[in-house]
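One structure below.
Where a number appears in this text, it was derived from the coordinates with a stated rule and is not lab data. Owing to the predicted nature of the structure, the values given are computational and were not obtained by experimental measurement. Here the Cβ positions follow ideal geometry from the backbone for every residue, glycine too, while neighbour counts run over all protein chains shown.
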């Protein structure tokens with residue numbers, strides 16, 4: 001999921017409850033469509049967005 005300079009997750013925070021998202025399936029739960037139901041209200045704003053990954 002993470003690519004490019006600085007994308008290594010090895011030195012990320014070690015907070016309780018924090019974990020690295022390792023799959024597209026898990027990440028999809030945090031998309032505009034699923035996380036904030038953007039498809040139901042964003043089109044009316046005129047703001048361009050991508051509903052999924």
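Give me the one-decimal nm value for the distance between modelled label points at residue 41 and residue 12, 7 Å along each residue's Cα-to-Cβ direction.
Distance between label points: 2.8 nm.
So, by mean Cβ neighbours within 10 angstrom, what's the order for 26-36, 41-51 with the highest one leading?
Packing proxy ranking, top to bottom: 26-36, 41-51.
Could you work out the relative contact order of the chain, using alpha carbon pairs under 8 angstrom and six or more residues apart, expressed as a whole percent?
Worked out over the chain, it gives 30 percent.
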